[in-house]
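No value in this document is a laboratory result; all are computed from the given coordinates. The structure presented is a predicted model; accordingly, all values stated were derived computationally and were not measured. Reconstructed Cβ throughout: ideal geometry from the backbone, glycine too, with neighbour counts over all protein chains shown.
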Amino acid sequence: MKSEILAALKENGDYLSGQLLCEKLGVSRTAVWKGIQKLRQEGYVIEAVSNKGYRLAGTEDILNEDELKSCRRTRWIGEEIHFFEVADSTNIRAKQLAEEGSCHGTLVAADRQDAGRGRRGKNWTSPAGLSVYMSLILKPRIKPQSASMLTLIAGLAVARALKEYAKVSPQIKWPNDIVIKGKKVCGILAELSTEIEEIHYVVVGIGINVRNTEFPEEIAPIATSLLLEGRDKIRRAELIEAVCEAFEDYYDIFLKTYDLSGLKGEYNQYLVNKDRQVKVLDPLKSFEGKAVGITDLGELIVETEEGQRLVSAGEVSVRGMYGYV
């Protein structure tokens with residue numbers, strides 16, 4: 001009920017009478033009044049004027065299940081939403097939910113994580129009230145070896161959301177780190193449950209630094225946030241929705257060919273490594289060359305003195321010759 005009231009007030013933008021709210025939602029005036037009181041307790045500023053009704057006067061950056069539901073405009077992502085004030089990590093919770101039968105497109109979000117992780121087991125610092133911590137449950141009918149393309153799709157979705165909603169100029173450091181002015185603002189971690197030829201589910205975790213002003217010493221030189229880039233009015237629920245909308249669009253394009261042929265042109269436009277010298281940190285043997293873009297399968301194309309080489313996402317890491325990018 002609260003999320004429906006909140007969505008109606010947002011959609012209207014001005015005063016909305018209690019009677020119209022009752023008719024729109026099919027509930028009593030008492031139910032509407034109780035819903036309004038609960039929203040106020042959660043921090044929403046809702047004005048009430050006789051003969052006019054209710055108006056959402058403004059909100060701080062409130063993040064909860066009602067806010068996420070009231071923002072939702074997607075077709076299939078977010079039909080099921082789970083929000084946690086505190087989670088070990090949204091990926092861990094999403095995997096548990098997937099095992100319990102949660103559907104394709106389920107959104108999991110948290111205000112704080114106590115055990116957030118990045119690629120190769122690195123910790124992801126996750127304090128309350130500062131950042132986006134979200135995971136999507138996907139159940140694609142693709143081979144396990146194709147799952148790495150989903151992380152590139154997620155990177156592309158975050159880049160578009162940051163460009164269109166946050167009004168910054170993001171770039172992608174292959175395969176899926178999002179950077180602004182050469183510093184990392186977002187990390188993405190995909191985890192799979194598979195058999196030899198079948199995917200049970202994929203969980204794509206996304207962490208975006210929103211209002212962070214300081215970082216752990218080991219990452220401080222290469223990390224940034226939207227606040228540090230001059231964006232101080234970001235609402236995390238709206239940013240999550242922007243990511244979900246973009247992911248849904250790109251995922252639907254992916255399903256037409258089950259590769260990135262319809263997306264690689266746009267991806268390459270965001271690619272910070274493109275036409276730059278890079279060092280590929282391969283556990284077997286590192287090498288250097290010029291990155292020129294990605295293939296239809298999401299591999300990074302690197303031109304070396306010995307010829308062209310294709311780098312697959314996984315345990316391989318790519319760095320600029322003189323720093324992080």
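Legend: calculated FRET efficiency, N51 to K163, from the Cβ-Cβ distance at R0 = 51 Å, rounded to 0.05, equals 0.75. Computed from the C-beta positions of E23 and S193 and an R0 of 35 Å, the FRET efficiency is 0.15 to the nearest 0.05. Panel order for R75, R160, R141, by other beta carbons found within 10 Å of each beta carbon, from fewest to most: R141, R75, R160.
Relative contact order of the chain: what whole-number percent is it, with Cα pairs under 8 angstrom and at least 6 residues apart? Relative CO of the chain lands at 14 percent. Pick out, from G105, S225, V132, the residue whose Cα sits farthest towards the positive end of the charge dipole of segment 65-269, with +1 on the Cβ of Lys and Arg and -1 on the Cβ of Asp and Glu. Farthest towards the positive pole: S225.
Taking a cut-off of 14 Å between Cα atoms, list the aspartates and glutamates near K167, but don't count ones fewer than 8 places away on the same chain. Straight-distance partners of K167: E229, D232, E238.
Of the peptides 215-222, 33-40, the ranking by mean beta-carbon count within 10 Å, highest at the top, reads 33-40, 215-222. Footprinting exposure proxy ranking of V32, V45, V27, fewest other C-beta atoms within 10 angstrom first, gives V45, V27, V32. Counting only Cβ charges, +1 for Lys and Arg and -1 for Asp and Glu, the dipole size of segment 1-98 around its Cα centre is about 300 debye. Shown in residue order for segment 226-235 are the 3J(HN,Hα) couplings computed by the Karplus curve 6.51 cos²θ - 1.76 cosθ + 1.60 at θ = phi - 60°: 5, 5, 5, 8, x, 10, 10, 10, 7, 9 Hz (x for Gly and Pro). Divide the volume of the convex hull around the Cα atoms of the chain by the residue count and you get 141 Å³ per residue.
The gain in end-to-end length when the L284 to H200 segment is fully stretched comes to 27.2 nm, 0.36 nm per residue minus the alpha carbon separation. Comparing L310, L281, G298 along the charge dipole axis of segment 273-320, the residue lying farthest to the positive side is L281, per the Cβ-charge model. Modelled label positions at K10 and E42, each set 7 Å beyond Cα in the direction of Cβ, lie 1.0 nm from each other. A Förster radius of 30 Å combined with the Cβ-Cβ distance from E60 to E99 puts the calculated FRET efficiency at roughly 0.30. Among the lysines of segment 168-325, pairs at least eight places apart or on separate chains and with Cα atoms under 17 Å apart come to 14. Taking the average, over residues, of other Cβ atoms within 10 Å as the packing measure, peptides 9-20, 231-242 rank 231-242, 9-20 from highest down.
Dipole check for segment 70-171: with +1 at the C-beta of Lys and Arg, -1 at the C-beta of Asp and Glu, and the Cα centre as origin, the magnitude is about 560 Debye. By a straight-distance test (C-alpha under 21 Å), which lysines pair with K2 as possible cross-link partners, with residues fewer than eight away in the same chain excluded? The reachable lysines, counting only those whose Cα sits under 21 Å from K2, are K10, K24, K34, K38, K52, K69. Fully extending the segment from E305 to D275, taken as 0.36 nm per residue of separation minus the present Cα-Cα distance, adds 9.3 nm. In the elastic network of the chain, a GNM with C-alpha springs shorter than 10 Å, the most mobile of A313, A147, A31 is A31. Candidate membrane-span-like segments in the chain, meaning DSSP H helices with Cα atoms spread over at least 30 Å of their own axis and a Kyte-Doolittle mean of 1.6 or above, do not occur, with no membrane implied either way. About its Cα centre, the dipole of the chain is roughly 680 debye, where the only charges are +1 on Lys and Arg Cβ and -1 on Asp and Glu Cβ.
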